[in-house]
1. Inside the stretch 99-144, can you point out the residues that are surrounded by 14 or more Cβ atoms within 10 Å (Cβ to Cβ), over 15 Å from SER3 (Cα atoms) and basic (Lys, Arg)?
2. Mind telling me which of the residues ARG59, ARG76 ends up being part of a strand (DSSP E or B) and under 19 Å from ASN26 (Cβ atoms)?
3. What pairs come out if I take residues in the stretch 49-63 that are farther than 13 Å from PRO32 by Cβ and pair them with residues that are at pLDDT 95 or above and among the basic types (Lys, Arg) whose C-beta lies under 8 Å away, six or more apart or interchain?
4. State all residues of the stretch 69-104 that are touching an Asp or Glu at 6+ places or on another chain (Cβ under 6 Å) and over 17 Å from LEU44 (Cα atoms); if no residue qualifies, say none.
5. Can you tell me which residues in the stretch 19-42 are within 17 Å of GLY95 (Cα to Cα) and open to solvent by 50 Å² or more (accessible area, probe 1.4 Å)?
6. Which numbered condition trips up ILE94, out of (1) modelled with pLDDT of 95 or more; (2) under 28 Å from THR4 (Cβ atoms); (3) out of contact with any Lys or Arg (no Cβ under 7 Å at 6 or more places or on another chain); (4) open to solvent by less than 70 Å² (accessible area, probe 1.4 Å)?
7. Give me a count of the residues in the stretch 101-147 that are under 17 Å from the mean Cα position of the chain (by Cα) and not small (Gly, Ala, Ser).
8. Suppose we filter the stretch 2-26 for residues that are at pLDDT 95 or above, part of a loop (DSSP other than H, G, I, E, B) and out of contact with any Gly (no Cβ under 9 Å at 6 or more places or on another chain); how many remain?
Amino acid sequence: MSSTEFHLVTEWIVDSPVEDVWRMLNTPETWPDWWPSVKQVDVLREGDEVGIGSVLRMRWSTALPYDLTFEMQTVRVEPLVTIEGRATGELEGIGRWTLRPEGSKCHVRYDWIVKVTKPWMVRFSFILKPIFRWNHNVVMERGRRGLVRHLARDR
């Protein structure tokens with residue numbers, strides 16, 4: 001794997017049923033309501049009945065002083081189990097949510113298999129790779145906390 005490529009894995013245990021977590025993750029246009037790092041989601045194209053083919057433009061803030069914007073096309077959906085999208089733009093690659101029940105809780109796994117494309121990121125990625133990983137972990141932890149708070153309000 002080159003210094004511009006990343007396979008980042010995030011795992012959460014959420015004290016909610018899979019159905020509730022699925023509902024939140026499967027409606028990314030609402031993510032700015034509960035995920036502080038998601039600044040904007042624009043629906044560019046609607047998908048089919050399960051969402052395949054939808055295209056979203058997403059703008060994310062990070063723990064570092066830069067934002068990222070990319071388009072995400074949903075390429076695979078297995079209801080209540082998997083949502084997979086293909087990112088293009090300032091990040092390129094695959095993002096995959098995988099959910100499974102653990103008793104009354106939900107195990108969430110996110111695989112983010114991407115490469116950076118911003119020229120400054122490409123140029124300095126060999127030095128900044130550990131910082132980019134840390135940044136990803138901070139953004140994902142903000143998401144976990146926001147999801148947990150939002151689900152608790154819905155109860």
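The values are calculated or read from the model by the stated rules, or taken from the named source; none is laboratory data. In this text the structure is predicted, and so the values were computed from the model without any measurement. Reconstructed Cβ throughout: ideal geometry from the backbone, glycine too, with neighbour counts over all protein chains shown. Each accessible area value is taken on the protein alone, full model and side chains, heavy atoms only, with ligands, DNA and RNA left out. Shrake-Rupley method; radii C 1.70, N 1.55, O 1.52, S 1.80 Å.
1. Within the stretch 99-144, LYS105, ARG109, ARG142, ARG144 qualify.
2. Working: ARG59 fails: under 19 Å from ASN26 (Cβ atoms).
From the options ARG59, ARG76, the qualifying one is ARG76.
3. Partner pairs satisfying both residue conditions: ILE52/ARG76; GLY53/ARG45; SER54/ARG45; VAL55/ARG45.
4. Just the residues of the stretch 69-104 that are touching an Asp or Glu at 6+ places or on another chain (Cβ under 6 Å), to begin with: 69-70, 75-76, 88-89, 96.
Correct list: ARG76, ARG96.
5. Those that are within 17 Å of GLY95 (Cα to Cα) and open to solvent by 50 Å² or more (accessible area, probe 1.4 Å): ASN26, GLU29.
6. (3)
7. From the stretch 101-147, those under 17 Å from the mean Cα position of the chain (by Cα) are 106-116, 132-147; that's our starting set.
Now narrow it down to the ones that are not small (Gly, Ala, Ser): 106-116, 132-142, 144-145, 147.
Summing the residues that are under 17 Å from the mean Cα position of the chain (by Cα) and not small (Gly, Ala, Ser) in the stretch 101-147 gives 25.
8. 3
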